[in-house]
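Notes to accompany the following structure.
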Amino acid sequence: MKNLNRILAIVILSISLFSCGNSKNEAENTEKVENTLSKDANLEKLETESSRLRAGGSIKSVELNDGKAIINYVKNFAEYKELNPQSGLTENDLDAYWESGNAIEKALIDGSVKIMTKLDYINAVKIILPYKSKTYSINVNKNDLEKFTGSNFNKLKG
């Protein structure tokens, strides 16, 4: 009878310990899934907002790394046509756009500010825009921009 009680106690203790371990693993797995879902949702929002930027149809890729948005434009007309085969835009049209009215500078500056203003979880933006044999880029973070302008992004949202 004593042995039976010991065996029963060991079995109950083993089951208790085993089920506690599973709860911890389930909690960790649930947390990982939630983090992945929120990262995917945030990336989706970033991709949507990026497509609304100047020449958004020329954006080749969008990445989100620890609150930093990385936006890459196409490097040439061939890449543009690969992304947008249905487009009637010609190479001359694309060149004329980038060469008109400081379009490159506007895409870099305006784009980075718009992304940080519209998406609270973005703390920094890097935009890379290759055009003809040069690569133009901006790499700015929210804190530095707020210090430079003397304003914060929450006030800019209105």
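The values are calculated or read from the model by the stated rules, or taken from the named source; none is laboratory data. On a predicted model such as this, the values are computed, not experimentally measured, just so you know. Every residue, glycine as well, gets a Cβ built from its backbone with ideal geometry; the counts of neighbours run over all protein chains shown.
Looking at region 141-158, is at least one residue within 14 Å of the chain's Cα centre (by Cα), crowded, with 18+ Cβ neighbours inside 10 Å and in a helix (DSSP H, G or I)?
no
From the residues in region 20-74 that are of a type in the set (Lys, Arg) and in a helix (DSSP H, G or I), which one is modelled with the highest pLDDT?
Filtering region 20-74 for residues that are of a type in the set (Lys, Arg) and in a helix (DSSP H, G or I), the one modelled with the highest pLDDT comes out as Lys45.
State the number of residues belonging to region 76-107 that are under 20 Å from Lys126 (Cβ atoms) and buried (at least 16 other Cβ atoms within 10 Å of the Cβ).
The qualifying residues number 4.
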